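The values are calculated or read from the model by the stated rules, or taken from the named source; none is laboratory data. Just so it is clear, the model here is predicted, and its values are computed rather than measured. Here the Cβ is made from the backbone with ideal geometry for all residues, glycine too, and neighbour counts use every protein chain on show.
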Amino acid sequence: MVLLIEKDCKPCQEVIKNTFMHKSYLVSKDQKSSYPIEMLYTFTYPTLFFLDNRELFICKPIRGEISPDKLKSYLEQCK
């Protein structure tokens, strides 16, 4: 999963706080660099992309509002 957010974006901060903090599906390990914008370009923030281990899309991204229920439902459909 790659979550793109915009700096100083209140809805983006809310998504992190309400959907990803202290959740078992969040994996983070010393992320210090940004992702290539050319591959994951969007005008809508936040946007959540789903990639395989070769960094290819495995399903369509979720753009805009992201909630725990919406994410769970989406992941079940994306299997």
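Identify, please: which residue in region 63-79 is part of a loop (DSSP other than H, G, I, E, B) and either at pLDDT below 85 or in contact with a helix residue (DSSP H, G or I) (Cβ under 7 Å, 6 or more places away or on another chain) (or both) and is, among those, farthest from E6 (Cα to Cα)?
So the residue we want is K79.
Going through region 13-62 one residue at a time, which ones are among the basic types (K, R), over 12 Å from the mean Cα position of the chain (by Cα) and modelled with pLDDT of 65 or more?
Residues satisfying the conditions are K17, K23, R54.
Can you tell me which residue is farthest from M1 (Cα to Cα) among those in region 39-57 that are exposed (fewer than 12 other Cβ atoms within 10 Å of the Cβ) and of a type in the set (A, V, I, L, M, F, W, C)?
F43
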